[in-house]
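Just below is one structure, and these are the notes that go with it.
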Amino acid sequence: MTTHDFIGRLREAPAKQLVFTNSDGATIHGGYHLTELKAASFDTVDCGAEKNQWNETIVQLWVPEDEENGEFMTAQKFWQSTTRSRG
């Protein structure tokens, strides 16, 4: 899924809450803050000289330990945050 497609899906369901999980599969509690949304392209060469290429959408969150209010960000608030940051 491209970053553009991801934002499009958020726009289709503005009232839905966004629930994220960490790399261990545990749910990130409500009260997180979006710090960056990155559209990254990778061109790599591994130890066997294999070339690889892919795109990723990277969501960077700040998760304060003391802010477990249980309220997750809505899709609308999330994509509006990305719109404001584009200037």
Query raised in the report: Exactly one of (1) within 15 Å of the chain's Cα centre (by Cα); (2) modelled with pLDDT of 90 or more is unmet by P14. Its number?
Result: (1)
Report summary line: When the range 20-50 is checked residue by residue, the ones that are loosely packed, with under 12 Cβ neighbours inside 10 Å and assigned to a loop (DSSP other than H, G, I, E, B) are N22, S23, D24, G25, A26, D46, C47, G48, A49, E50
Report summary line: Selection over the range 13-38 where residues are without any contact (Cβ under 8 Å) to a residue 12 or more places away in the chain, out of contact with any strand residue (DSSP E or B) (no Cβ under 7 Å at 6 or more places or on another chain) and of a type outside the set (A, V, I, L, M, F, W, C) yields a count of 4
Requested in this report: Scan the range 31-87 residue by residue and report those that are of a type outside the set (D, E), over 15 Å from the mean Cα position of the chain (by Cα) and modelled with pLDDT under 90.
Outcome: P64, N69, G70, R84, R86, G87
Query raised in the report: Do the conditions hold for T74, that is, is it closer than 14 Å to I7 by Cα and either touching a Pro at 6+ places or on another chain (Cβ under 8 Å) or exposed (fewer than 10 other Cβ atoms within 10 Å of the Cβ) (or both)?
Result: yes
Requested in this report: Report whether or not T82 is part of a helix (DSSP H, G or I) and under 18 Å from M1 (Cα atoms).
Outcome: yes
Query raised in the report: (1) under 14 Å from T82 (Cα atoms); (2) in contact with a helix residue (DSSP H, G or I) (Cβ under 9 Å, 6 or more places away or on another chain): which one isn't true of M1, the others all being true?
Result: (1)
Query raised in the report: In this structure, is S41 closer than 21 Å to T2 by Cβ and without any contact (Cβ under 8 Å) to a residue 24 or more places away in the chain?
Result: yes
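The values are calculated or read from the model by the stated rules, or taken from the named source; none is laboratory data. Predicted, not measured: the structure shown is a model, and the values here were computed from it. Reconstructed Cβ throughout: ideal geometry from the backbone, glycine too, with neighbour counts over all protein chains shown.
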